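Input: a single structure, listed below in structure tokens.
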Amino acid sequence: MTTPHLTRRTLIASAAAVPLATVARPGHAAAPMLGAATPGFKRFTLGGFEVTTLLSNSFPRDDPHSIFGLNVSEEEFNKVSAEANLPTDQARFFFTPTVVNTGSDLVLFDTGLSAADITGALEGAGYTADQVDVVVITHMHGDHIGGLMNEGTPTFPNARYVTGAVEFDAWSKAENERFDSNMKPLAEKATLIDPGADVVSGITAVDAFGHTPGHMVYRVESDGKQLIIAADFANHYVWSLAYPDWEVKFDMDKEAAAATRKRLLDMMAADKIPFVGYHMPWPAVGYAAKHGDGYVYIPESYQLQL
């Protein structure tokens, strides 16, 4: 029998005739699908301070027009959403407490929906609940005070609490189960402040009434750098910033909330101050720039990493 003469051409031709699916790759299996994932914290420096935003929770909500733009038609809402490439049947909510480490104090702004959420988010960022020195509550909605207590026990055993006097007084006079169970038991450890007061050196309360009766934001300053912990003065990067007069379901005084939005956005845009928005798209840090009659949201890219 004559042995075939193997040439480079015959080897290439024979390899091409073998289906790819039959080519064995020993020990090399297909990588599994891992599912969508989002890092749980973002940390950056602000002068001599260290700031960490925490993604304590996130989920979709149906029918966003029932929440945003209550004073505009469905046609206008849909048109604005389409121009921003946003779906109109669902929106995604983000919940972003923030930690500021001043070097002397570890200050936590707001506590998410539950103790499990906030402790998990803190641990994911390298902190423990017992390290928190000060808990600042921007306002008393449930997604901000939900993590204060853990089955009747304070979640932050070594912390003192700071919140607005107007806000605390307003909720004390109302009937609200979450406030009564989570905030009221901590009243003796709470310092009630007014706009202009300091939480600690470098962190100052700013009037942002409207979303709730005594809602406040906080100016963080260190070594000439500034940041606003903006809480819920604006709850969507398009439907609130581009259209600050659009009414929002959760704003208790809608006219005052709109005036607050415009005042704070004007200030942040003019002074180019970054802000952390509790419900802004994760990682919730960005800038506001004037655009026509409204504002445009510019996510932070690397400005705070320089």
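Can you tell me which condition residue 37 does not meet? The list is (1) within 19 Å of the chain's Cα centre (by Cα); (2) at pLDDT 90 or above, and all the others hold.
With respect to (1) within 19 Å of the chain's Cα centre (by Cα); (2) at pLDDT 90 or above, residue 37 is out only on (2).
For region 226-252, which positions are under 13 Å from residue 297 (Cα atoms) and not β-branched (Val, Ile, Thr)? Write out each step before concluding.
Filtering region 226-252 down to residues under 13 Å from residue 297 (Cα atoms) leaves 234-244.
Listed by number, the residues that qualify are 234, 235, 236, 237, 239, 240, 241, 242, 243, 244.
Pairs only if they're at least six apart or on different chains, beta carbon under 7 angstrom, first in region 49-69 and under 11 Å from residue 88 (Cβ atoms) and among the β-branched types (Val, Ile, Thr), second at pLDDT 95 or above and part of a strand (DSSP E or B); list them, first residue then second.
Here the result reads none, with nothing in region 49-69 linked to a residue that is at pLDDT 95 or above and part of a strand (DSSP E or B).
Would you mind stating whether residue 94 is closer than 22 Å to residue 212 by Cα, surrounded by 18 or more Cβ atoms within 10 Å (Cβ to Cβ) and in contact with a strand residue (DSSP E or B) (Cβ under 6 Å, 6 or more places away or on another chain)?
Numbers: closer than 22 Å to residue 212 by Cα: yes; surrounded by 18 or more Cβ atoms within 10 Å (Cβ to Cβ): yes; in contact with a strand residue (DSSP E or B) (Cβ under 6 Å, 6 or more places away or on another chain): yes.
For residue 94, the condition - closer than 22 Å to residue 212 by Cα, surrounded by 18 or more Cβ atoms within 10 Å (Cβ to Cβ) and in contact with a strand residue (DSSP E or B) (Cβ under 6 Å, 6 or more places away or on another chain) - is met.
Rundown of residues vs (1) buried (at least 21 other Cβ atoms within 10 Å of the Cβ); (2) without any contact (Cβ under 8 Å) to a residue 12 or more places away in the chain; (3) closer than 19 Å to residue 208 by Cα, yes/no style:
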site	(1), (2), (3)
74	no, yes, no
103	no, no, no
107	yes, no, no
166	no, no, yes
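If I go through region 133-164 residue by residue, how many of them are among the acidic types (Asp, Glu), within 23 Å of residue 277 (Cα to Cα) and not in a helix (DSSP H, G or I)?
Restricting attention to region 133-164, the residues satisfying the condition of being among the acidic types (Asp, Glu) are 133, 143, 151.
Filter once more, keeping what is within 23 Å of residue 277 (Cα to Cα): 133, 143.
Checking which are not in a helix (DSSP H, G or I) leaves us with 133.
Residues in region 133-164 being among the acidic types (Asp, Glu), within 23 Å of residue 277 (Cα to Cα) and not in a helix (DSSP H, G or I): 1 in total.
Being within 28 Å of residue 198 (Cα to Cα) and of a type in the set (Asp, Glu) is the filter; apply it to region 223-250 and report the residue that is surrounded by the most Cβ atoms within 10 Å (Cβ to Cβ).
In this case the residue turns out to be 232.
Select, from 228, 193, the only residue that is touching a helix residue (DSSP H, G or I) at 6+ places or on another chain (Cβ under 7 Å), more than 27 Å from residue 68 (Cβ to Cβ) and not charged (D, E, K, R). Spell out the reasoning first.
Details: 228 fails: more than 27 Å from residue 68 (Cβ to Cβ).
Checking each option against the conditions leaves just 193.
Kindly provide the set of residues from region 152-164 that are more than 15 Å from residue 193 (Cα to Cα) and surrounded by 15 or more Cβ atoms within 10 Å (Cβ to Cβ), ordered by number. If you could, list the steps in order and put the result at the bottom.
To start, the set of residues in region 152-164 that are more than 15 Å from residue 193 (Cα to Cα) comprises 152-159.
Within region 152-164, 154, 155, 156, 159 qualify.
The values are calculated or read from the model by the stated rules, or taken from the named source; none is laboratory data. Since the structure is predicted, the reported quantities are computational estimates derived from the model, not experimental observations. Reconstructed Cβ throughout: ideal geometry from the backbone, glycine too, with neighbour counts over all protein chains shown.
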